[in-house]
Every structure is written in C-alpha cells, then in structure tokens.
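**Q** Mind looking over this structure? Questions follow.
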Amino acid sequence: MADILDLAGRVALVTGAGQGIGRQIALHLSGHNSGGVAVNDYYLDRAEAVASEIRAAGGKAIAVQADVTDLEAVKDMNERIVAELGAVGVLVNNAGNMGANPSPDVRKPFWETGPDVWNQSIGVNLYGVMNCAATVVPGMIARQAPARIVTIISDAGRYGDAGLEAYAAAKAGAAGFSRSAARSLARFGITVNCVAIAATRTAATERLMDDPERMKRVFDKYIVRRPGEPVDIANMVLFLASDASSWISGQTYPVNGGMTLAL
C-alpha cells in the first residue's frame, strides 16, 4: 500500500534537532522517503548523534552546526546541505529558546528584565525562523516542485503565559510570519504551516515533569491528562511535511492534549 505520508524524496532540514522534539521529527522524516535529513543543532555533537541514529536505521543524514540567529552561519549551513544532499524541500523550524527563565519558579515579568533577556527568545524563535526560511526558499523555488515549511510555535504565543512575554511575542510573530509567507509562496507550490505545542516531555522539561503536585495543576487543564511526548509533535509535522497535506497552508495546528478547550 502506498505511504500517504511519503515525502517524495524531498531533502529535509530540521533545526534544533539534537535532542527532544527535533530529534524525533528528524527520525520520523527519515523513515518516509526523504531525500536525506540535515540535522541542525547549536551543538555539533548532539547533531552528529542524531544523524548517526538515522544512518544506523538505513537513512541518509548529515549533521550541520549553526546558530540560527546568525544569518551568515545559516547561509553557510545551507550551502553544505545543497552540496551534500541537494536543495532543501522541507524546512522544519524547531529550534527554540524560552529565554533565561523558563521555570515558573524563577520567571520574572518583562519589566524586571530587559533587552538581553528578550533577545534570547526573539532571536531564536522569530529571527531564526526568518533566517532559515529566507535562506532555503530560493532553492525551494528553483526546484520547481512542491515544498514544505513547518514551524513549531507554542500556545504561549496564542494565549499568553505570565513571565514569558518575550517568548510569547516571538512565537506569535513566527505564526504571523508563517501566515504571510504562505500567501507569498503559494504560487510556487510551497506550503507554510505551524504546529502549536503545549507541555511536552523532553530533557529540558524533565525536572518540572518530576514534580507531581505541579504536574497535577498543569494537567488538570488538559482533557487528555498526560504530558505530550516528542512523537506526538513529530506525527503532526510529518503530516504537514508530506504530500497528504498538499491542500493545507497558512494554518496553525494545536497539538496540546486539548488544553485550549479549558481556556
């Protein structure tokens, strides 16, 4: 039976893919007829480990280090991807940063912080998205074939979260950028969509997940009373990266255990 989630040989670039959600996305894409996966991370050793996993499973992958906030570094990364795998046909903007104070216990309101803290979130979560998209889109257009851009955002960007004002603003900005880019790129056969996530179990959130009292307060708001797992996010990204989503663009899909029904 044909694979409805077939990537049609498109080369995929997944940013922030050295662990957690990004790692799972890279593994998912590699198993559905990708033309190869470029595993990006700020830390090269993490990217190498995930690329090795993909190759061990019979897939094609390279590790590419770059800080997505640095446009020139992103351009250099893309040149290597094109040389070794070909032009990017699927871009997954997964790299993210909640800023200096991700834990609810130590978050400070925006008026007690300043640009140094704000820029940590805005740089990765908004400029990183724009840098990567602006860099790979010319190659996508030149391919003259369907292409996909999928950006991971957050429910904080849609509904707000105290102490995460810069993060929420950046994620909302990434969603707005994606909607506008969807309009600009539709004529080239490039779709642009977002996946909005809530609390997901990763190495970065494990300490918070290990607090039963806190987690009860959090998951009382979810109709599916469990934390998200990286595979939950990767499943939606795979769908949006595949030919099964060819008539979908400019949309944001919440993958959040039904949390937003309680708001």
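**Q** Consider residue 82 against the criteria (1) over 27 Å from residue 143 (Cα atoms); (2) of a type outside the set (Asp, Glu); (3) in contact with a helix residue (DSSP H, G or I) (Cβ under 8 Å, 6 or more places away or on another chain); (4) surrounded by fewer than 16 Cβ atoms within 10 Å (Cβ to Cβ): it satisfies all of them except one. Which criterion is unmet?
**A** (1)
**Q** Give the residue, chosen from 22, 58, 35, that is in contact with a strand residue (DSSP E or B) (Cβ under 7 Å, 6 or more places away or on another chain) and part of a loop (DSSP other than H, G, I, E, B). Working first, answer last.
**A** On the way: 22 fails: part of a loop (DSSP other than H, G, I, E, B); 58 fails: in contact with a strand residue (DSSP E or B) (Cβ under 7 Å, 6 or more places away or on another chain).
Going through 22, 58, 35 in turn, just one is in contact with a strand residue (DSSP E or B) (Cβ under 7 Å, 6 or more places away or on another chain) and part of a loop (DSSP other than H, G, I, E, B): 35.
**Q** Further, regarding this structure: Out of the residues in segment 61-75 that are hydrophobic (A, V, I, L, M, F, W, C) and assigned to a helix (DSSP H, G or I), which is surrounded by the most Cβ atoms within 10 Å (Cβ to Cβ)?
**A** Taking segment 61-75 first, the residues hydrophobic (A, V, I, L, M, F, W, C) are 61-64, 66, 68, 71, 73-74.
Retained after the next criterion (residues that are assigned to a helix (DSSP H, G or I)): 71, 73-74.
Numbers: 71: 16, 73: 17, 74: 25.
Filtering first and then ranking leaves 74.
**Q** Please find, within segment 131-168, the residue that is farthest from residue 69 (Cα to Cα) out of those that are surrounded by fewer than 19 Cβ atoms within 10 Å (Cβ to Cβ) and among the aliphatic types (A, V, I, L, M).
**A** 145
**Q** Name the residue that is farthest from the chain's Cα centre (by Cα), counting only residues in segment 217-236 that are at pLDDT below 70 and outside any loop (DSSP other than H, G, I, E, B).
**A** 217
**Q** What are the residue pairs meeting all of these: first residue in segment 38-56, first residue over 18 Å from residue 70 (Cα atoms), second residue assigned to a helix (DSSP H, G or I) and among the polar types (S, T, N, Q), Cβ atoms under 7 Å, and 6 or more apart or on different chains?
**A** 54/30
**Q** Looking at segment 76-92 only, could you name the residues that are farther than 24 Å from residue 174 by Cα and in a strand (DSSP E or B)?
**A** Once the filter is applied, which keeps residues that are farther than 24 Å from residue 174 by Cα and in a strand (DSSP E or B), segment 76-92 yields nothing.
The values are calculated or read from the model by the stated rules, or taken from the named source; none is laboratory data. Bear in mind the structure is a predicted one, so any value in this text is a computation, not a measurement. All Cβ positions, glycine included, derive from the backbone under ideal geometry; neighbour counts span all protein chains shown.
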